[in-house]
Amino acid sequence: MSANDRDWHPDTTLVHGGTTRSPFGETSEAIFLTQGFVYGTAEAAEARFNGDDPGFVYSRYANPTVAMFENRMAALEGAEAGIATASGMAAVNLALMACCKAGDHVVAAKALFGSCRYIVETLLPRFGVETTLVDGTDLDAWRAAIRPGTTACFLESPTNPTLEIIDIAAVADLAHAVGAKLVVDNVFATPIWQSPLALGADVVIYSATKHIDGQGRCLGGIVLGEKDWIDDEVMPFVKHTGPSMSPFNAWVLLKGLETLSLRVERQTTSAARLADLLAESDAVSRVIYPGRDDHPQADLARRQMRAGSTMIAFEMKGGKEAAFRFSNALKIVKMSNNLGDARSLVTHPATTTHQSVAEEARAELGIGAGLLRFSVGLEHPDDLAVDLAAALAASRG
Ligand SMILES: *Cc1c(COP(=O)(O)O)cnc(C)c1O
């Protein structure tokens, strides 16, 4: 791809970024569903292996379709390089493993996607990495936890499921003061509305399973960052442990990227309207939406996000019973723990995604019995408004 693809608007990058074509000149990206590559001569094989010829060797390391996805994502994110993975969790694990060794220290925000918290709280300590969990919105807590020997700080913003906003630029400054990398899980904000690298983060990870696919079809993930770090730390880990993305999934995700900005913009416009509708209901005690002025960190949200994104959290006054009656009454909105999908999806975190989190820790995270998480889809907003209004009426029992 031409070097100037970095100057394009995101919409253009999403359609053309990273594209390479075979000699057939196909319009749509080809799926190179091959695990390996053949060499014309023994000398060519030798050159491929010693790096004199940068071509492909084996699809666990790199694959032409996967490379198109990686290069499109890197161009979109303004990253020097990216490595795609089989799932979002493989990307989180890869990014953190590539940042630390036994004896190192990692600081992470408490409000993390469940499996991310497992990696930080359980898995890393098993390999001699000490970890500290902090309230991500409290900069003094980050300041107190980060110390010489801290090699990575990890956060998501907005957080799952209570949509807290963490000050990425401020945490980046604290991390850099001791030479640590800041790794940001940017799933909830999407690359359309938030650019962590521009705010000072060193590494961005995505679960491509969410908005990037956006149609509920396949798993995928990506780690994006500086080329030297990707080449020296991330690539050997991928090569030798194999969390690699399937070329077929890379193709599905390339198709997803073509419409990412259109989908996320529409979902966000609908989310802003539905958040207002929910806030007006007397069945709802609290609406949390980063695009609303009553979000506890509305100023910070405006500073680091370009819009409120596609997720709403809200608390039913009638607790679990009302939340269940509301969910069961929905006709268009489906119940699922996925998010970022074309279909609107509602989740009751306390009994599903966060069921395994101890009640005390749940309370600390603000996950009450009446809390619902709502991922706004691509249905017509008028139809969604009717569906929500009927479910709010039914929630009163
Ligand atoms: C879904 C998700 C992940 C994990 O991604 P998978 O593709 O399901 O492995 C990580 N972080 C966040 C914030 C997520 O929403």
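The values are calculated or read from the model by the stated rules, or taken from the named source; none is laboratory data. From a predicted model like this one, the values you see are computed outputs, not experimental measurements. With ideal geometry, Cβ positions are generated from the backbone for all residues, glycine too; neighbour counts draw on all protein chains shown. The accessibility values were calculated without ligands, DNA or RNA, using every heavy atom of the protein model including side chains. Shrake-Rupley method; radii C 1.70, N 1.55, O 1.52, S 1.80 Å.
General remarks:
- Once the stretch 318-357 is narrowed to residues that are outside any helix (DSSP H, G or I), of a type in the set (Gly, Ala, Ser) and touching a helix residue (DSSP H, G or I) at 6+ places or on another chain (Cβ under 9 Å), the residue that is surrounded by the fewest Cβ atoms within 10 Å (Cβ to Cβ) is Ser356.
- Among (1) over 21 Å from the mean Cα position of the chain (by Cα); (2) within 14 Å of the ligand (Cβ to nearest atom); (3) not polar (S, T, N, Q), the one test that Pro125 misses: (2)
- Out of Glu379, Glu360, Glu315, sole residue that is of a type in the set (D, E, K, R) and over 17 Å from Ala275 (Cβ atoms): Glu360
- Enumeration of residues in the stretch 142-174 that are more than 15 Å from the ligand (Cβ to nearest atom), touching a Cys at 6+ places or on another chain (Cβ under 8 Å) and in contact (Cβ under 8 Å) with a residue 40 or more places away in the chain: Thr151, Ala152
- Residue in the stretch 25-47 that is surrounded by the most Cβ atoms within 10 Å (Cβ to Cβ), counting only those that are of a type outside the set (A, V, I, L, M) and over 21 Å from Met245 (Cβ atoms): Tyr39
- For Gln194, the stated conditions hold: it is under 22 Å from Thr85 (Cβ atoms) and buried (at least 24 other Cβ atoms within 10 Å of the Cβ).
- Taken together, the residues in the stretch 368-397 that are within 19 Å of Lys317 (Cα to Cα), open to solvent by less than 10 Å² (accessible area, probe 1.4 Å) and not in a helix (DSSP H, G or I) amount to 6.
- Residue-level analysis places Leu257 outside the set of residues that are closer than 23 Å to Cys153 by Cβ and either modelled with pLDDT of 95 or more or in a helix (DSSP H, G or I) (or both).
- Number of positions in the stretch 98-149 that are of a type in the set (A, V, I, L, M), surrounded by fewer than 16 Cβ atoms within 10 Å (Cβ to Cβ) and not in a helix (DSSP H, G or I): 1
- If you go through the stretch 65-97 and keep only what is assigned to a helix (DSSP H, G or I), within 12 Å of the ligand (Cβ to nearest atom), more than 30 Å from Ala363 (Cβ to Cβ) and open to solvent by 10 Å² or more (accessible area, probe 1.4 Å), you end up with just Ala90.
- Apart from one condition, Leu174 fits all of (1) under 19 Å from Leu300 (Cβ atoms); (2) within 22 Å of the chain's Cα centre (by Cα); the exception is (2).
- Any hit, the stretch 292-308, residues being open to solvent by less than 30 Å² (accessible area, probe 1.4 Å) and within 16 Å of the ligand (Cβ to nearest atom): yes
- Pairing residues of the stretch 108-130 that are within 17 Å of Pro349 (Cβ to Cβ) with residues that are within 11 Å of the ligand (Cβ to nearest atom) and open to solvent by less than 10 Å² (accessible area, probe 1.4 Å), at Cβ distances under 6 Å and at least 6 apart in sequence or on separate chains, gives Ala109/Leu155; Ala111/Thr159; Phe113/Asn160; Cys116/Val92.
- Residues of the stretch 274-291 that turn out to be open to solvent by 40 Å² or more (accessible area, probe 1.4 Å) and under 16 Å from Glu164 (Cβ atoms), as a count: 2
- If you go through the stretch 213-244 and keep only what is among the aliphatic types (A, V, I, L, M), open to solvent by 10 Å² or more (accessible area, probe 1.4 Å) and within 16 Å of the ligand (Cβ to nearest atom), you end up with just Leu219.
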